[in-house]
Amino acid sequence: MRAHRRHAALLAVAASLALALGACGKAAESGTVVRPVPPPTTGHPTIGLLLPDSTTPRWDRFDRPLIERRIVRLCPACTVQAVSAQGDVALQQQQVDSMIIKGVNALLLVPVNAKAMRPAVEKARNARIPVVSYDRLAEGPISAYVSFDGQEVGRLQAKALLRAMGPRARGAGIVMMNGDLADPNGVAFKKGALSVLHGRVRIEKSYDTAGWRPENAYTNMSGAIAALGPHRIDGVYAANDGLASGVIAALRANSIRPIPPVTGQDAELAAVQRIVEGKQYMSVYKPFKPEAYAAARIAVNLARGAGPGPIARDRVRGDVPAVLLRPIPLTVHNIRQTVVKDGMYTIRQICTPEYRPACVRAGLMP
């Protein structure tokens, strides 16, 4: 009965994908018919890895290679099929359809849009393919979730911002450059930050940045400066390093000196260099290795037909097994003890000739 239901689900997905291709004219041109491929044997599982884009450095530089290597280490017979949606929800939905047709045994999904991907997650469940939601909490019947505590990220950012503003933090005026609220992480970061900032500062302007795009943060920050003037901005809460880069570019373009404290997240190399230079106050370091390794372990377990395993001790949305890791605030004072010690970056990568004087002042170089 299970095999019959899986076969029916695969055919349904194949039919819908064939129709979509026909609408684009491609099926008519080629004359081919999309048919489901029989799933691999249980001894050679295939795991689909669906990443949201290639513009965010972490996905291709850290997460993908870490996950791929760990899966092969845990399961030498496993195959990983990795794709990027390039920020396109419709493309990611098609990629899920393709993975289902190929008969993968499990999916690791970083949703471009958590809500919009719900139907794709439901299709996978109907095809009896478990979905592990990675880093961002997708809607729908996922089998497990691996990420960092999003509200804690926001709290760390807000606490650091208050600390950076010092005695003038009480009643200070700040701008909030939140993330994309279509991403549940963006919602969690904002909620965590507000739990710390509420009643302690004046939030002069608050923006929810569509697509997490630095250029949108630049535009919004430029508007805030024009509306408020430079003297009413004592600090900026930026939800990640990309948004921080747009914020800082706008501050510099408007000749605001000194740059007020700006937060961030993800510990991108450019952000670490800005922190060393004093342009960005902090970031949040989320060690990618334990996150990637936990996701790989759960994906292998599920692909083999088992449960997520004892590693998934936490719960989200009531009963979904999860691994929620603790983030680490990153400032100029602990760069060596965090991203350098963990092998994320070397001193040479951080302290290029342009940043050498700042690295000397920061104690990273003699």
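Laboratory data are not the source of any read-out in this text; all were calculated from the coordinates shown. Note that the structure is predicted; figures quoted are calculated from it, not measured. Neighbour counts are summed over all protein chains in view; Cβ atoms, including those assigned to glycine, are modelled from backbone coordinates with ideal geometry.
Phi-derived couplings, Karplus 6.51 cos²θ - 1.76 cosθ + 1.60 at θ = phi - 60°, listed residue by residue for segment 107-120: 10, 10, 10, 9, x, 5, 9, 4, 6, 5, 7, 4, x, 5 Hz, with x used for Gly and Pro. Return the FRET efficiency for the residue pair ARG202, LEU325: r is the Cβ-Cβ distance, R0 is 35 Å, and the value is rounded to the nearest 0.05. It comes out at approximately 0.60.
At full extension, LYS289 and ARG213 could sit 24.8 nm farther apart than now, given 0.36 nm per residue minus the alpha carbon distance.
Distance between the modelled labels on HIS44 and ARG313, one decimal in nanometres: 3.8 nm (7 Å Cα→Cβ projection). Our helix-only sum for the chain, with -39,500 (n - 2.57) per DSSP H run of n ≥ 4 divided by its residues, gives a mean residue ellipticity at 222 nm of -13000 deg cm²/dmol.
Over all directions, the average projected area of the alpha-carbon convex hull for segment 90-173 comes to how many nm²? Don't skip to the answer; put the middle values down first.
On the way: hull surface 28.3 nm².
If you wrap the Cα atoms of segment 90-173 in a convex hull and average its projections, you get 7.1 nm².
Proximity of backbone amide H atoms, modeled 1.01 Å from N, is registered between SER206 and MET176 at under 5 Å, excluding neighbours fewer than 5 places apart on the same chain.
Give, in nm to one decimal, the length gained when the segment between HIS333 and ARG73 is fully stretched (0.36 nm per residue of separation minus the Cα-Cα distance). Before the final figure, lay out the partial values.
Details: separation 260, 0.36 × 260 = 93.60 nm, distance 3.51 nm.
Full-extension gain reported as 90.1 nm.
The lysines whose alpha-carbon is closer than 29 Å to the alpha-carbon of LYS159, local same-chain residues fewer than 8 away aside, are LYS190, LYS191, LYS205, LYS279, LYS286, LYS289, LYS341. 3J(HN,Hα) couplings calculated from phi for segment 213-226 with the Karplus curve 6.51 cos²θ - 1.76 cosθ + 1.60 (θ = phi - 60°) are, in sequence order, 8, x, 5, 5, 5, 4, 4, 5, 5, 4, x, 5, 5, 5 Hz; Gly and Pro show x. Amide H to amide H, with H built 1.01 Å from N, LEU49 comes under 5 Å of GLN81, ALA82, VAL83, LEU108, counting only residues 5 or more places away or on other chains. Could you work out, for the chain, what percent of all Cα-Cα pairs fall into each 10 Å distance bin, beginning at 0 Å and stopping at the bin that holds the largest distance? Histogramming the chain at 10 Å steps yields 5, 23, 29, 22, 14, 6, 1, 0 percent.
Between the beta carbons of ARG61 and GLU122, assuming R0 = 35 Å, the FRET efficiency works out to 0.65 to the nearest 0.05. What the Cβ-Cβ distance of ARG232 and GLN81 gives, at R0 = 30 Å and to the nearest 0.05, is a FRET efficiency of 0.05. Peptides 64-70, 337-343, 231-237, 129-135 ranked from most to least packed give 129-135, 231-237, 64-70, 337-343, packing being the mean of other C-beta atoms within 10 angstrom over each peptide's residues. Each part gets one Cα centre, and for segment 306-366 versus segment 249-292 those centres are 13 Å apart. Distance between the pseudo-spin-label points of GLU277 and ARG304 (7 Å out from Cα toward the beta carbon): 4.8 nm.
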